[in-house]
1. Determine whether region 150-159 contains at least one residue that is away from the ligand (no atom under 16 Å from the Cβ), touching a residue at least 60 places away in the same chain (Cβ under 8 Å), closer than 30 Å to residue 66 by Cα and in contact with a helix residue (DSSP H, G or I) (Cβ under 9 Å, 6 or more places away or on another chain).
2. Only residues that are buried (at least 16 other Cβ atoms within 10 Å of the Cβ) and over 15 Å from residue 110 (Cα atoms): list them for region 49-79, please.
3. Return yes when residue 119 is out of contact with any strand residue (DSSP E or B) (no Cβ under 6 Å at 6 or more places or on another chain), at pLDDT 95 or above and buried (at least 16 other Cβ atoms within 10 Å of the Cβ) and no when it is not.
4. In region 11-21, which residues are assigned to a helix (DSSP H, G or I), out of contact with any helix residue (DSSP H, G or I) (no Cβ under 6 Å at 6 or more places or on another chain) and under 13 Å from residue 147 (Cβ atoms)?
5. Quick one: in region 149-183, which of the residues that are over 23 Å from residue 212 (Cα atoms), within 20 Å of the chain's Cα centre (by Cα) and exposed (fewer than 13 other Cβ atoms within 10 Å of the Cβ) is modelled with the lowest pLDDT?
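The values are calculated or read from the model by the stated rules, or taken from the named source; none is laboratory data. Just so it is clear, the model here is predicted, and its values are computed rather than measured. Positions of Cβ are generated from backbone atoms using ideal geometry, with glycine treated the same way; all protein chains shown enter the neighbour counts.
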Ligand code: 4GX
């Protein structure tokens with residue numbers, strides 16, 4: 001999969017994509033992430049990428065021309081263009097799985113108050129939000145999306161990592177985990193985990209995950225029931 005990130009801060013991404021699983025995925029050739037600096041497509045003397053909003057109000061808006069040129073510079077026949085924004089549909093595991101099938105993602109990271117609406121209407125296939133809060137920088141949202149989508153690209157996760165993959169798609173939380181010592185500050189590991197009865201352990205884990213989901217995210221269980 002090829003991912004092209006368009007932003008005003010390409011350096012922002014250097015750390016997160018150069019460690020651990022994403023680094024390994026790129027070395028294996030499963031994932032190819034490239035950066036494009038939108039400012040390189042501003043052709044005026046001052047390389048201006050923003051301007052004041054029509055109609056007044058605070059903040060600046062990203063000008064359409066540099067963004068349009070940047071997108072069309074990297075666009076292919078098979079590209080899928082995503083704008084990261086709090087005004088998009090909220091990202092889910094299901095959407096990540098869907099996006100992992102795309103051969104070429106173009107991620108457009110907005111800055112300032114947003115991007116001229118005509119770009120969103122003409123060039124963007126989908127707006128996606130990573131959650132109901134406002135970030136200082138669209139680059140952060142792109143990092144989260146790339147990471148979460150990568151997990152669904154075959155071969156990116158090792159077998160051990162892939163084993164606990166199902167959790168969220170099943171629609172309930174993962175179970176609690178324990179390791180040695182058996183007693184820590186007076187607290188014992190649950191007995192069932194020490195007895196080696198695998199059916200009982202599986203039932204206990206499922207029950208724990210379900211109970212926690214019921215307590216903190218009852219909406220997930222309702223969503224599960226409505227589509228089953
Ligand atoms: N999930 N941000 C985008 C600039 C902006 C403002 C308004 C469009 C309209 C975010 C999120 C997010 C902050 C990225 C504002 N773009 N992105 N940026 N939540 O908060 O994706």
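1. Yes, the conditions are met somewhere in region 150-159.
2. Those that are buried (at least 16 other Cβ atoms within 10 Å of the Cβ) and over 15 Å from residue 110 (Cα atoms): 74, 79.
3. Values: out of contact with any strand residue (DSSP E or B) (no Cβ under 6 Å at 6 or more places or on another chain): yes; at pLDDT 95 or above: yes; buried (at least 16 other Cβ atoms within 10 Å of the Cβ): yes.
Answer is yes for this residue.
4. 13, 17, 18, 20, 21
5. So, considering only residues that are over 23 Å from residue 212 (Cα atoms), within 20 Å of the chain's Cα centre (by Cα) and exposed (fewer than 13 other Cβ atoms within 10 Å of the Cβ), the one modelled with the lowest pLDDT is 158.
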